[in-house]
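Student: Structure provided below as structure tokens; questions to follow.
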Amino acid sequence: MTLKEENHSEENLPATPHHEVFVAIDGFALLFDVLKSSGFQIVGPTIDQDAIVYDQIDSVDDLPKGWTDVQKPGLYRLNQRNDDKLFGYNVGPHSWKKYLFPPNVALSIGKKNEDGWEFQEAPDDPPKLAFLGVRACELAAIRIQDRVFVGGDYVDSTYQKRRQRILIIAVNCTQAAETCFCTSMDTGPRCTDGFDLALTELDDGFLVEASTPEGKAIVDQLITLEVTRKQQQSAELARQNAVDQIKKRMDTTEIRDLLMSNLEHARWDEVASRCLSCTNCTMVCPTCFCSSVEEVSDLAGENVERRRQWDSCFNLEFSYMNGGVVRDSTRSRYRQWMTHKLATWIDQFGTSGCVGCGRCISWCPVGIDLTEEVAAIRKDAP
Amino acid sequence: MISNASKMATDSPRSPSLWVPKTVVIRKITPEVENVATYHLAFTDADAAASYRFKPGQFNMLYMPGVGESAISISGDPESPELLDHTIRVAGNVTRGLTQLKPGDTLGLRGPFGSSWPMGQCVGRDVLLVTGGIGLPPLRPAIYQLLKRRQDFGNLHLLYGARSPDVLLHQNEFDDWKRSGLTIQKTVDRSVFGWKGNVGVVTLLLERLHSFDPSNTVLFCCGPEVMMRFVARTAFDRGLTAEQIWVSTERNMQCAVGLCGHCQLGPQFICKDGPVFRYDQIAPLLTVEGL
């Protein structure tokens, strides 16, 4: 579809995809009550150990009011803002995947009786969760994990069950961190789809758009006002501010072939000399999905549970096979992570595995920046 | 735009868990050679037994509760799935644990998983089965199928190498297979007193093989990666192309359905895209160390 045609179709207009209303800051607390009375537990941003993390929250008071994050390669700090913004930060070390793809979950249980082993699904009844404060890059990450866990021939039922019980309240970014590059990955900063509600924070309240009947049902219980032209303009400016602040770029042109035709590039040795193989990048990545299953048994060995835990391609034993390890060097493990994320993910799932959130850059203890690694390899490409 | 996957994620009816094994009972254990035995397994649940079908080259995840799971090729006849053969060499915790079990004991089984040998490709063509050591059992279901419909195929050759004569597998069936129309050549790395057969790598047998038409042949190969690479190279010398060769690959498999990430080789999940690949689809990946 050409741009011109797009403009004729109102549904595809990117600026205001859904009807917006205004909720004053004083009325925002009501959202918590409405969500709770609708049966949701609320999870959202809160401060813990000097970082903005996602956790169960109870009221507006739990939000990181007046705080922002400063991020650079290998650096994450909280700074006080000169205003009382509730969502005046970008992304922290957590992502929503911990709720949809739990770091540790029981899969099956086995019980030994006189006839031998009997197996059944582990009991699993996740609560209805309202995600409050999901960024555009995080919506993209959820879309990507949907493809991984539900979009293929085999459906992961633990993910699916959780996914079907969430309400997503997105928040448009109004600023960007130094590590953000969502514009390169075409994932943000504007929230365009994949949410029930999306908020844009202004000085005195929020513009709220509902894109699903579930979202609309929540908004209908809030105290709302018509959006004024001035508020509309302020919101546009604030959202544009995030776009303007994004300076980091990753050139994704033909990136699959670029990386897969450079598997023996000298840069892999260079980055391996810095990489600690610590797994931080995979733990903070909102799309990394590698896991391992372990046995948890009672002392008699007659009641056994299988539990799945997050794992990482940076762990040496991850590629263990028949008495040997396939990826026995940091070089081979960094290469696996980056080529999977940016190249072979496209073969496997029809999308990049990277959303440009920059977490792997901030939380790398030695500040490795994958956008620089791509650029270094591209520099030598013919 | 909401992707189809996201629609499925939120709207589709709940899928059954991929993680719950079915109970199987060990009906019999046939010792093969040192550290190798064939476990003959049967489902305890009649519905599970009735619905289970597998194709040659596919594998099951065998589960010893408290120890773990291991990916094991099915080595029996696909037309007799009521007794599932798994020919297992002791290699890790699970396979070692299995040696402690006896007929009547139960375990868990998930499967079958993975791609299979392309039996349809064999019709009207000569078929070369080239393998080494514990690589024969994954080809055994294909041998049963080929010999059951012997008239559908051209010449059938099994070229089989092993470390030494005492570790050649399934030799008690070789006479049957020969009578049914399979020519068999064996070779060993190290000869012993009384061995009158070939000595050397299995590619030597392929170099010298006659009575096949390279333009109308398919080759199935299962063995260590280095062996498969040399077999392919020799096959090219004999006039085959990569599109005529299939190999069975191996990686650390845990979930068996492409969700845990362990078995990746470049873009491929060995567990669900493989283990059997046409050689041109996998060859460039096999030569990159540590991929």
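Student: Does B:GLU69 satisfy being closer than 26 Å to A:ASN303 by Cβ and in contact (Cβ under 8 Å) with a residue 40 or more places away in the chain?
Tutor: Judged against the criteria, B:GLU69 is a match.
Student: Would you be able to tell me the number of residues in region B:212-233 that are surrounded by 20 or more Cβ atoms within 10 Å (Cβ to Cβ) and either of a type in the set (A, V, I, L, M) or in a helix (DSSP H, G or I) (or both)?
Tutor: 6
Student: Are any residues in region B:83-95 aliphatic (A, V, I, L, M) and within 14 Å of chain A (Cβ to nearest Cβ), and if so, which ones?
Tutor: Passing the criteria: B:ILE88, B:VAL90, B:ALA91, B:VAL94.
Student: Tally up the residues in region A:342-367 that are within 14 Å of chain B (Cβ to nearest Cβ) and either farther than 14 Å from A:VAL284 by Cα or without any contact (Cβ under 8 Å) to a residue 60 or more places away in the chain (or both), please.
Tutor: The qualifying residues number 11.
Student: Let me ask something else about it. Counting only residues that are surrounded by fewer than 18 Cβ atoms within 10 Å (Cβ to Cβ) and at the interface with chain B (Cβ under 8 Å from one of its Cβ atoms), which one in region A:89-115 is nearest to A:GLY44 (Cα to Cα)?
Tutor: A:LYS112
Student: Test A:ALA170 against the stated conditions and say whether it is out of contact with any Pro (no Cβ under 7 Å at 6 or more places or on another chain), farther than 30 Å from B:GLY111 by Cβ, more than 13 Å from every other protein chain (Cβ to nearest Cβ) and not in a strand (DSSP E or B).
Tutor: No: the conditions fail for A:ALA170.
Residue-by-condition table, conditions (1) within 14 Å of chain A (Cβ to nearest Cβ); (2) of a type in the set (Ser, Thr, Tyr); (3) assigned to a strand (DSSP E or B):
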{"position": "B:SER6", "(1), (2), (3)": "yes, yes, no"}
{"position": "B:THR10", "(1), (2), (3)": "yes, yes, no"}
{"position": "B:PRO16", "(1), (2), (3)": "yes, no, no"}
{"position": "B:HIS40", "(1), (2), (3)": "no, no, yes"}
{"position": "B:PHE54", "(1), (2), (3)": "no, no, no"}
{"position": "B:GLU69", "(1), (2), (3)": "yes, no, yes"}
{"position": "B:PRO81", "(1), (2), (3)": "no, no, no"}
{"position": "B:GLY97", "(1), (2), (3)": "yes, no, no"}
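Student: On the basis of being away from chain A (no Cβ under 12 Å) and either hydrophobic (A, V, I, L, M, F, W, C) or not in a loop (DSSP other than H, G, I, E, B) (or both), does B:LYS28 make the cut?
Tutor: For B:LYS28, the condition - away from chain A (no Cβ under 12 Å) and either hydrophobic (A, V, I, L, M, F, W, C) or not in a loop (DSSP other than H, G, I, E, B) (or both) - is met.
Student: Return yes or no: is A:GLY301 touching a strand residue (DSSP E or B) at 6+ places or on another chain (Cβ under 9 Å), within 10 Å of chain B (Cβ to nearest Cβ), small (Gly, Ala, Ser) and surrounded by fewer than 18 Cβ atoms within 10 Å (Cβ to Cβ)?
Tutor: Judged against the criteria, A:GLY301 is a match.
Student: Could you figure out which of (1) over 30 Å from A:TYR89 (Cβ atoms); (2) within 14 Å of chain B (Cβ to nearest Cβ) isn't true of A:CYS313?
Tutor: The failed condition is (1).
Student: Considering only region A:228-289, give the helices (runs of 4 or more DSSP H) lying wholly within it that have at least 1 residues that are within 14 Å of chain B (Cβ to nearest Cβ) and either modelled with pLDDT of 95 or more or out of contact with any strand residue (DSSP E or B) (no Cβ under 9 Å at 6 or more places or on another chain) (or both).
Tutor: In region A:228-289, the matching helices (runs of 4 or more DSSP H) lie at A:255-260, A:266-274, A:280-284.
The values are calculated or read from the model by the stated rules, or taken from the named source; none is laboratory data. Since this is a predicted model, take the numbers as computed values, not measurements. FYI the Cβ positions are ideal-geometry reconstructions off the backbone, even for glycines, and counts take in every protein chain you see.
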